[in-house]
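One structure is given here, and the rest of the page talks about it.
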Number of protein chains: 2
Amino acid sequence: MAKKKDRLIYLPLGGAGEIGMNMYLYGYGPKGSEKFILVDVGVTFPDMESSPGVDLIMADPAYITARADRLEAIFITHAHEDHIGALGLLYPQLQAPIYCRAFTAAIGRNKMERLGADSSAIKEVGMWPETVEAGPFTVGFAPISHSIPEASALVIDTPAGRIFHSGDFKIDPDPQVGEAFDPELMKEIGKGGIKAFVCDSTNVFNHHPGRSEASLPSAITEMMAHASGMVVATTFASNVARLKTLAQAAVDAGREVVMVGRAMNVMTQTAMSTGVLTDFPPVISIEDAKGKPRDKLMVLATGSQGERRAASAQLAVGKYQGMELKAGDTFLFSSKTIPGNEIGVGRIHNQLAEKGVVVVAEDDRYHVSGHANRPDLDRLQTLLNPELVIPMHGEYRHLREHAELAEANGRKAIIAPNGVMVDLTNEAKVAEHIDTGRTYLDGTVLIGAMDGIVRQRLQFAMRGHVVVSVMIDEDNRMSDGVWAEGHGLPEPKHGSLDEKLEAAMNRDLEKAKRGALGDDETIEKIVVQACNRVCKKAIGKKPVVTVLINRMVA
Amino acid sequence: MAKKKDRLIYLPLGGAGEIGMNMYLYGYGPKGSEKFILVDVGVTFPDMESSPGVDLIMADPAYITARADRLEAIFITHAHEDHIGALGLLYPQLQAPIYCRAFTAAIGRNKMERLGADSSAIKEVGMWPETVEAGPFTVGFAPISHSIPEASALVIDTPAGRIFHSGDFKIDPDPQVGEAFDPELMKEIGKGGIKAFVCDSTNVFNHHPGRSEASLPSAITEMMAHASGMVVATTFASNVARLKTLAQAAVDAGREVVMVGRAMNVMTQTAMSTGVLTDFPPVISIEDAKGKPRDKLMVLATGSQGERRAASAQLAVGKYQGMELKAGDTFLFSSKTIPGNEIGVGRIHNQLAEKGVVVVAEDDRYHVSGHANRPDLDRLQTLLNPELVIPMHGEYRHLREHAELAEANGRKAIIAPNGVMVDLTNEAKVAEHIDTGRTYLDGTVLIGAMDGIVRQRLQFAMRGHVVVSVMIDEDNRMSDGVWAEGHGLPEPKHGSLDEKLEAAMNRDLEKAKRGALGDDETIEKIVVQACNRVCKKAIGKKPVVTVLINRMVA
């Protein structure tokens, strides 16, 4: 039973107000000493625009690491990178048991082990009605269809009521691999009342009912049967159902199947070893494929988002393990391009066109989304009949649209982007605003997105870098001249930039008052001003300046 | 009449194999001493991925500047930046008379004057059948509908036959501002035979017939009449017809019109002063708008592509000249998001959603494209009935698709991306491959994209920069220790990166053989190796290293 002073809170740390790096916190107990569970520990991917040189991006875990002694457990809804990708990186700060289903657990263990973390922290849990006790929480994994095996919604029971955390989902009565969406199960779960429905918002702007994976096989088979040369198909490696759909379509179209790219092989192996996937068509090696007629082959390749190192990108420009595309071959993107990846995917498309390969892309006949569209969101709301809808997994516009959808149906909704703590105990209300942010994996170090390190690199990229060395003798006078080097800067129309810089800096430093060069800040100021003046005039830019001052010791 | 040894050539320098920075060369005469005309001198826009800190990108004009004495004239089809944007920047190297229609000329003169170039080089030409003689070429501006006033196709007559260079176009029988697409005129132009039809390929993947600007006013009026608060609408500033459509719709919906953002004011002023635009609805100032009820206002704002400094972006986050958006207001993107701009446009959409503003985007009822769709390309081919189709203004995939479309209709087609010179004299064939590339405006200097300057900045952005100063005394020994500073680099988990670097470098330099430090290259090698070793271990990155060696003179 709920005690009067206890409260039930929801706090998104990542994934609400953006699509990616999901991390949601639930707490229960007296204010300031709540016990917590964390749902998902995902990543998002860097880009040159905001995070050049960064390896991975995850939610700043500061709020929960400061309270790690009260973290009872971590639950992972499914094995997509934006839900599990930071598990190995952040586990050392979190140190709580990790619960997930078998397929997710296998992927998670692999991630932990590669980083030297203790993979025994991961515990496998069967599907609902099996549950896990974690402090005041009782949590079960309700199977729900998505685009990866064993995706689960979490049924989170607390003394203050039940929360349904959808994870990523779609309504698919026949997902080809794994558990179908089960409306009866949802109704059953909702029967005793749902306090809050925390729900995926990705496709809220899509007004059409979602389509089932089962709508694809016949269209893809027909397409592969009519294609003239070799067919290459790409999709997300973790979409095991799609891999099976594509492979089976190839077989039905009289083609043998080759699989290239590490991630696809890992995913299918994992799906088979965990019993999720039982009847995948036979796959032949690239070596064996070489003797076969091209129109009897179908190659599954990683890299549907244009990733430069993946098999698709390599096939687009040349050979991949001796395999090469030719004019008349067909390349199928059985995928949707994620916003931000258009240029990379377009690059592959152009390169394939140069080879004379027929490209089939962004064609609804050969791809279905893994997320619930607007009518499907409606339907799950109706099945669960929650007191409150809290949209997650969306940019702000998605959260707002989703909240308005719920309200249009006469439900209560709260928009809670990252950092907005919602008190769900009685009448739901915003309780606090918590500082949240992003943590970068930069090389092997975790840094804060706002630490200034990456900002400095962006400055170099925009403005270039002038490095100046100044030698000062024992009497605080210039010894020799300064040495200035511009890096990443154009040469002026006339003369040398470095020479212009050195001439101006020497002149200004020599003009300085007697003794003034005893002070490093004065030297730096003189050098930077000279640099800005010269560069502005000579090349129209204002570079970053670093001044190294060497003082000779008497 | 054509002489036997003369040849007619087409050489795209920019815009074929990409969308942007259009620059096409035509030549006629004996091989090696052809006379040339240049069509369009456009720009494309930089991004952080490939060109951080760059101000503008244009085609490398090297081929034609090396032959500038044989350049007879420059023709500008229309005033979009990707066709005219580099005119002022490259004119000093080209120095040939520039011909265009009045509206384009006004925009062009402005560009030239801002850069101090001689704007009297620009000559106004009336529409076809008026023509200009330029060496062996006779060129006329055939009016054709697009999304900017006075867009023109070029009718290029040569002793070897007529070329039709479409420029950017759509088939619009009622474009609201300026000349309609005139099928009779096209038929007339094609009557004597067209040797080559060089044609816009942008929308070749769109299978629907294009829609007219005239399809918008009633839908937009209705939308503005039903919107509750203030309406803000954005589109390309140069789309004068759309500005008029939006403004007239506002008036018809009982709203007064405000126009914010410099570019829109310049474009409408220019359209009025050149007589292109005669009946634009009255516009009130922001000051006058302040007293009016919000639901009686419509604001036209620049920045439909998410540009950070434009009025739309400023309105999305705060105030623009005292004007502020509120919950319940409506924001209309009367535009399409250009690939690559999705993130920037999404950012504005999210910011507006946070304010509670209703956002209407990517809705076909409120926007039509300025480019011919596939059936329209077909139609113009039929009207002109050319011997050969050469697709331009498209990425490679567009060029290929467009060539295949022509071939499917029984026509000849040649795919000629940038640098592929086509000899059109008799049987069209590829004559040569010319080195082409990109020129960057970086600050105030023009540099080659492959000069390594921007590549170095990208390296800094990805890897950070370690700057090292080494003092060597008269006896080729270390004087004091080295000074190392990491910039844009994270600190290791334990200790200071700079200290680790200095310790390792000092140790390695001191270990060097007697006299070895007399050689700068040896010092640099030792320092770089120490840096790589320390950084790899401490932070998992390999930074760029700059070593400054100061030698004391005896």
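The values are calculated or read from the model by the stated rules, or taken from the named source; none is laboratory data. Since this is a predicted model, take the numbers as computed values, not measurements. No Cβ is skipped: glycine too gets one built from the backbone with ideal geometry, and neighbour counts run over all protein chains shown. The protein model used for the area step is the full one, side chains on, heavy atoms only, and it has no ligands, DNA or RNA in it. Shrake-Rupley method; radii C 1.70, N 1.55, O 1.52, S 1.80 Å.
One table, with the values for the structure above:
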| quantity | calculated |
| --- | --- |
| Accessible area of A:S218 in the full protein assembly, 1.4 Å probe (Å², nearest 10) | 90 |
| Length-normalised contact order for chain A - Cα pairs under 8 Å, 6+ apart - percent | 15 |
| Unit charges on C-beta of K, R, D, E only; dipole of chain A, Debye | 740 |
| At least 30 Å² accessible surface lost relative to isolated chain, residues of region B:323-360 (1.4 Å probe) | B:E342, B:I343, B:H349, B:N350, B:A353, B:E354 |
| As computed over region B:464-551, the Cα convex hull volume per residue (Å³) | 74 |
| Calculated FRET value between A:D451 and A:K326, using beta carbons and R₀ = 41 Å, to 0.05 | 0.25 |
| Across A:K4/A:K412; A:K4/A:K429; B:K292/B:K355; A:K493/B:K541, pairs whose alpha-carbon gap is larger than 26 Å | A:K493/B:K541 |
| FRET E, pair B:M127, A:H494, Förster distance 51 Å, beta-carbon r, rounded to 0.05 | 0.70 |
| Heavy-atom surface of chain B, accessible at 1.4 Å and reported per residue (Å²) | 39 |
| Shortest-first nm distances, A:T65 label point to equivalent points in other copies (7 Å, Cα→Cβ) | 5.2 |
| Positive-pole candidate from A:S51, A:L509, A:L315, dipole of chain A, charges at beta carbon | A:L509 |
| Rg/Rg_ref, the protein assembly as shown, where Rg_ref = 2.2 N^0.38 Å and atoms are Cα | 1.02 |
| Occluded residues from region B:411-454, i.e. those whose accessible area drops by 50 Å² or more once the chain is not alone (1.4 Å probe) | B:T444, B:V445 |
| Of all DSSP beta bridges in the protein assembly as shown, antiparallel share, percent nearest 5 | 50 |
| Loop-resident sites, region A:444-543, for GluC sites (Glu not before Pro), counting at most 10 other Cβ within 10 Å (DSSP) | A:E474 |
| Positive-pole candidate from A:F36, A:A361, A:M267, dipole of the protein assembly as shown, charges at beta carbon | A:F36 |
| Shortest-first nm distances, B:V430 label point to equivalent points in other copies (7 Å, Cα→Cβ) | 6.0 |
| In nm, spacing of pseudo-spin labels at B:V266 and B:V317 (7 Å Cα→C-beta vector) | 2.2 |
| Rel. contact order, % - alpha carbon contacts under 8 angstrom, at least six apart, region A:464-551 | 40 |
| Potential lengthening between B:V430 and B:M552 on full extension [0.36 nm per residue; Cα-Cα distance subtracted] | 37.8 nm |
| Amide N proximity, region A:463-501 versus A:K513 label position 7 Å along Cα-to-Cβ, cut-off under 19 Å | A:475-478 |
| Hydrodynamic radius by Kirkwood, which averages 1/r over all alpha carbon pairs of chain A, in angstrom | 26.5 |
| Accessible area in the full protein assembly, largest first, 1.4 Å probe, for B:M58, A:M127 | A:M127, B:M58 |
| Listing of region A:38-74 residues, each with accessible area lower by at least 40 Å² in the full protein assembly than in the chain alone (probe 1.4 Å) | A:M48, A:E49, A:G53 |
| Estimated dipole of region A:464-551 in Debye, rounded to 20 [Cβ of Lys and Arg +1, of Asp and Glu -1, Cα centre] | 600 |
| Pairs beyond 19 Å (Cα-Cα), from A:K500/A:K542; B:K111/B:K170; A:K290/A:K319; B:K290/B:K326; A:K3/A:K195 | B:K111/B:K170 |
| Contact surface A-B: accessible area buried, both sides summed, square angstrom, 1.4 angstrom probe | 5100 |
| Label 7 Å beyond Cα on the Cβ vector: A:E184 copy-to-copy distances, nm | 7.2 |
| For region A:12-171: rounded, prolate or oblate by the Cα gyration tensor [a/c cutoff 1.5] | rounded |
| DSSP-defined beta bridges in chain A - what % are antiparallel, rounded to 5 | 50 |
| Antiparallel bridge percentage (DSSP; both residues within region A:217-360; nearest 5) | 10 |
| Dipole axis of the protein assembly as shown (+1 Lys, Arg; -1 Asp, Glu on Cβ), positive-most option in B:G464, B:F197, B:V231 | B:G464 |
| Extension gain from B:I284 to B:S50, taking 0.36 nm per residue of separation minus the Cα-Cα distance | 80.1 nm |
| Gain in span if fully extended, A:D480 to A:T382, counting 0.36 nm per residue against the direct Cα distance | 27.2 nm |
| Distance in nm between pseudo-label sites at B:R365 and B:K412 (7 Å out along the Cβ direction from Cα) | 4.9 |
| Computed Rg/Rh of region A:380-519, alpha carbon atoms with Kirkwood Rh | 1.36 |
| Total charge dipole magnitude, the protein assembly as shown, about the Cα centre, Cβ charges on Lys, Arg, Asp, Glu only, Debye to nearest 20 | 480 |
| Region A:495-544: relative contact order as a whole-number percent, Cα under 8 Å and 6+ apart | 38 |
| Two-site label geometry, A:K3 and B:K292: point separation in nm, points 7 Å out along Cα→Cβ | 6.2 |
